[in-house]
1. Can you tally the net charge around GLY63? Count Lys and Arg as +1, Asp and Glu as -1, for every other residue whose Cβ sits under 12 Å from the Cβ of GLY63.
2. Among (i) 134; (ii) 112; (iii) 149, find the value of volume of the Cα convex hull per residue in Å³ that was calculated from the structure presented, and write down its label.
3. Tell me, what HN-Hα J-couplings in whole Hz come from the Karplus equation 6.51 cos²θ - 1.76 cosθ + 1.60 at θ = phi - 60° for each residue of region 131-136, using x for Gly and Pro?
4. With point charges of +1 on the Cβ of Lys and Arg and -1 on the Cβ of Asp and Glu, referenced to the Cα centre of the chain, which listed residue (ALA90, ILE156, VAL146) lies farthest in the positive direction of the dipole?
5. Kindly provide the helix-only [θ] at 222 nm of the chain, computed as the sum of -39,500 (n - 2.57) over DSSP H runs of four or more divided by all residues, to the nearest 500 deg cm²/dmol?
6. Give me the one-decimal nm value for the distance between modelled label points at ALA155 and TYR74, 7 Å along each residue's Cα-to-Cβ direction.
7. Place the peptides 87-94, 159-166 in order of packing, highest mean first, counting for every residue the other Cβ atoms within 10 Å and averaging per peptide.
8. Given PHE64, SER134, TYR168, which one lies farthest toward the positive end of the charge dipole of the chain, if we put +1 on the Cβ of every Lys and Arg and -1 on the Cβ of every Asp and Glu?
Amino acid sequence: MSQFTYEYTDRTDKLETYEWDNVWWEHARTNGVPRVLYVGDSISCGTRPQLNEIAQGQIFFDGFGTSKAVDNPYFADSLRLFTAQQGERAVILFNNGLHGFHLEDSTEYAAGYEKLVTFLLEEFPETPIFLLLSTHVANPDRDARVVARNHAVEAIAEKYRLPVVDLYSLTRDNAHLLLADGVHLTPEGYRLLAEELLQKVREIIR
């Protein structure tokens with residue numbers, strides 16, 4: 001199993017065996033190109049390079065991927081530190097659904113997710129924010145939890161009038177592109193996600 005894969009932990013275990021942050025600042029010395037901040041999990045880490053490839057230098061996609069659960073008290077501070085170094089972004093993509101399974105989905109996870117959404121809205125009040133539905137996983141029990149979390153995200157998006165990008169249906173309908181771990185995707189799968197996200201971003205960045 002990859003160290004980026006969610007773990008089957010009980011509710012008393014709030015940290016995974018391998019806690020990680022994966023930050024990426026694309027062409028940091030280049031100015032004048034619109035930037036997108038992609039905050040997510042390991043799926044975002046796999047998708048971001050594909051986004052930069054197909055955007056062909058017209059948009060730069062920077063990344064803050066992390067195993068931190070939405071209740072992690074250091075999540076917001078870590079993200080604030082990274083974005084302070086960048087200084088600018090035109091769009092934010094946010095997703096963090098495949099970690100923190102010690103949290104009950106419709107209450108604890110939803111509350112933690114909403115807290116991070118309000119942080120983003122307060123920290124970046126002029127920046128458009130897309131909420132991304134978490135991707136399909138092969139394990140039926142865990143996938144049912146992903147679906148429950150996505151329902152919570154949709155309710156939060158409606159409350160704050162934020163657009164949603166449905167990566168769940170896209171990956172469920174292309175489940176043959178999952179790797180053997182049942183979570184991560186083949187290069188072709190990540191390319192599908194990248195194409196969907198780039199299309200949404202280009203509706204904002206013209």
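1. Values: positive: ARG35, ARG48, ARG89; negative: ASP21, GLU26, ASP41, ASP62.
The answer is -1.
2. (ii)
3. Per residue, the Karplus-derived 3J(HN,Hα) values read 9, 9, 5, 5, 7, 4 Hz.
4. Sorting the options by dipole projection puts first ALA90.
5. Working: 6 runs with 83 residues, N = 206.
So the calculated ellipticity at 222 nm is -13000 deg cm²/dmol.
6. 3.1
7. Working: 87-94: 17.9, 159-166: 13.8.
In decreasing order of mean packing, 87-94, 159-166 become 87-94, 159-166.
8. Most positive-ward Cα: PHE64.
We did not get these values from a lab; they are worked out from the coordinates using the rules stated. In this text the structure is predicted, and so the values were computed from the model without any measurement. Here Cβ is always computed from backbone atoms with ideal geometry, including for glycine, and neighbour counts include all displayed protein chains.
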